[in-house]
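The values are calculated or read from the model by the stated rules, or taken from the named source; none is laboratory data. Not measured: the values here are computed from a predicted model. Using ideal geometry, Cβ is built from the backbone for each residue, glycine included, and neighbour counts are taken over all protein chains shown. The area values use the complete protein model at the heavy-atom level, side chains included, leaving out ligands, DNA and RNA. Shrake-Rupley method; radii C 1.70, N 1.55, O 1.52, S 1.80 Å.
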Protein chains: 2
Amino acid sequence: MLGAIEAGGTKFVCAVGTEDGTIIERVKIDTLTPEKTMPEVISFFKKHHVKALGIGSFGPVDIDKNSPTYGNITSTPKPGWANFPFLKTMEEALHIPIEFNTDVNVAALGELTHGAAQGLDSCLYLTVGTGVGAGAVVQGNLLQGLSHPEMGHVLVKRHPEDTFEGFCPYHKDCLEGMAAGPAIEKRWGKKGHELQHQQEVWEMEAFYLAQALMQYILTISPKRIIMGGGVMKQAQIFPLVRKQVQELLNGYVPLPQITEQIDEYIVPPALGDDAGITGALMLAKQILEKE
Amino acid sequence: MLGAIEAGGTKFVCAVGTEDGTIIERVKIDTLTPEKTMPEVISFFKKHHVKALGIGSFGPVDIDKNSPTYGNITSTPKPGWANFPFLKTMEEALHIPIEFNTDVNVAALGELTHGAAQGLDSCLYLTVGTGVGAGAVVQGNLLQGLSHPEMGHVLVKRHPEDTFEGFCPYHKDCLEGMAAGPAIEKRWGKKGHELQHQQEVWEMEAFYLAQALMQYILTISPKRIIMGGGVMKQAQIFPLVRKQVQELLNGYVPLPQITEQIDEYIVPPALGDDAGITGALMLAKQILEKE
């Protein structure tokens, strides 16, 4: 049996499953403080005698295997979690091989192995919800450099009719500051799902998301782009985003995937909300194969 | 003996050298039409009996090894070169292993193996000259997805005091449209080297370049960024770019490489104009090792 954790800011999804990606049992545990949350998490995996564990964590995290703080959550404002040695805590409790990465990188892996990017060696997973984040698989590897990507904070041009100043505490009007769920609510005075039939809301949302997608396409040229998260459940955004990406690129990347088959290029997650936990399970499989 | 080609829009640099990166002999051949240029290129390598060849080519090119047009130059406006089967032409003439990639990806490889990014498994090489282009090594591999990166065309916000409309035929005011050599000349009425002591020219140039670097840092998180090309010979830009990158990120990526040691993070090429040809030689070495 393999173990998987999708650690989010409000809850931990813990699951056990098999190497083919089947989830056998799962629990949700509230993200309170490490002292309160971790004992529950650990006892779930002890009960199931897992052989290996994959973790996809909210961040920022240290994913540099050569770093003394590898596997720590780093500078989060969430009380109790800054500098929490997540990986070490799990290793000391379970004594099994554990692989650690970001929630969004792991979601990209899940969609690649069992979801909308099957058969490819590359995809990008963007989540648009309370925040905006993205992970990617590039040439078969979870994307990593100096650190993990922070693609949710790329710069975007301001819509000429948008007077909302942006809510990102670091950059104000970066992508997250202009396009995450709270930006929609602050700009229009209602939550996204209450604005479903207001076309201008989604045109503006697509205006920002399409710019970010253009940056990603020009930089890492993903073989498929998967857009998930709460805001993307407004499925009417997809055609708007696709159209604006084509208009922005303006034929510059003349690949049929973008110019002709964009409906299959920019897609919702095939695994729905299970992309992350499935990817974490596959991370456990990978570490077991390496050992 | 190994062979290397750095194929540019105005000239081909052809070289022979050894596996340690030493260049023994090189020639420059004008980029006219394939009919005029290629026979000279081929005869240089035949004379030297090279065992393998690495090519870094101007683009766009097809670098997808599963594509029927792999190794072709694709949609260039350069007369005679659109759809030219570059790789096939060389293979049929020389009957040796040949590896093919973009000029900028290959320059990144050169700097990684013999230049400013030695000892790392990741770097980004940005060239700012007649055009703007970038290549990268990510987790040890030359970056590639659906196609090669086209990072020179990322979107940038307009400087509030800039009335120049941009000269990119596809996007007008993308990075290349606002920051390449011709943009400087059109905006200020003189060539870059004639404007050396005009501070506002380089502040504005850094304003655009820093935005692009921020996008690259947030997306692929390169372990070092190398900036070359004609415009970057104005060395006074480097401190301006570094400062603006720090201001834009505003502490969001709190890694010491960026917050404290940025002078060693954003650097000129250690190989000067030899980054590309050295990288092409290393590409030849790699294909020989694989065979």
Inset, instruction - Note the full-extension length gain between A:Lys186 and A:Arg158 as 0.36 nm times their separation in residues minus their Cα-Cα distance, in nm to one decimal. - result: 8.5 nm
Legend entry - Intensity falloff of chain B expressed as log10 I(q)/I(0), Debye formula with alpha-carbon point scatterers, at q = 0.14 Å⁻¹: -1.01
Inset, instruction - Classify the stretch A:71-188 as rounded, prolate or oblate from the Cα gyration tensor: take a ≥ b ≥ c as the square roots of its eigenvalues, call it rounded if a/c is under 1.5, otherwise prolate when a/b beats b/c and oblate if not. - result: oblate
Legend entry - Residue-span extension gain [B:Glu260 to B:Gln199] - 0.36 nm each, minus C-alpha spacing: 19.5 nm
Legend entry - Fraction of beta bridges assigned by DSSP in the protein assembly as shown that are antiparallel (%, nearest 5): 60
Legend entry - DSSP beta bridges in the stretch B:116-269 [antiparallel fraction, %, rounded to 5]: 60
Legend entry - Given charges at Cβ of Lys, Arg, Asp, Glu: chain A dipole, positive-most of A:Ser57, A:Gln196, A:His159: A:Ser57
Legend entry - DSSP bridge orientation in chain A - percent antiparallel, rounded to nearest 5: 60
Inset, instruction - Roll a 1.4 Å probe over the protein chains and send me the accessible area per residue for the protein assembly as shown in Å². - result: 39
Legend entry - Per-pair calculated FRET efficiency, R0 = 41 Å: A:Thr22 and B:Lys88 via Cβ, rounded to 0.05: 0.35
Inset, instruction - Quantify, in whole percent, the carbon and sulfur part of the accessible surface of the stretch B:77-143 (1.4 Å probe; protein heavy atoms only). - result: 52
Legend entry - Two-site label geometry, A:Thr69 and B:Ala270: point separation in nm, points 7 Å out along Cα→Cβ: 2.8
Legend entry - Average beta-carbon neighbours from other chains, 10 Å sphere, peptide A:220-226: 4
Inset, instruction - State the percent of C-alpha pairs, over all pairs in the stretch A:116-269, separated by a distance greater than 24 angstrom. - result: 28
Inset, instruction - Give the calculated FRET efficiency between B:His95 and B:Thr130 to the nearest 0.05, with a Förster radius of 35 Å applied to their Cβ-Cβ distance. - result: 0.50
Inset, instruction - Determine the total buried accessible area between chain B and chain A, counting protein heavy atoms only with a 1.4 Å probe; round to the nearest 100 Å². - result: 3900
Legend entry - Estimated FRET transfer efficiency (B:Lys46, A:Asp30; beta-carbon r; R0 51 Å; 0.05): 0.10
Inset, instruction - Let me know the shape class of the protein assembly as shown, please: from the alpha-carbon gyration tensor, a ≥ b ≥ c as square roots of the eigenvalues, rounded when a/c is under 1.5, otherwise prolate if a/b is greater than b/c, or oblate. - result: prolate
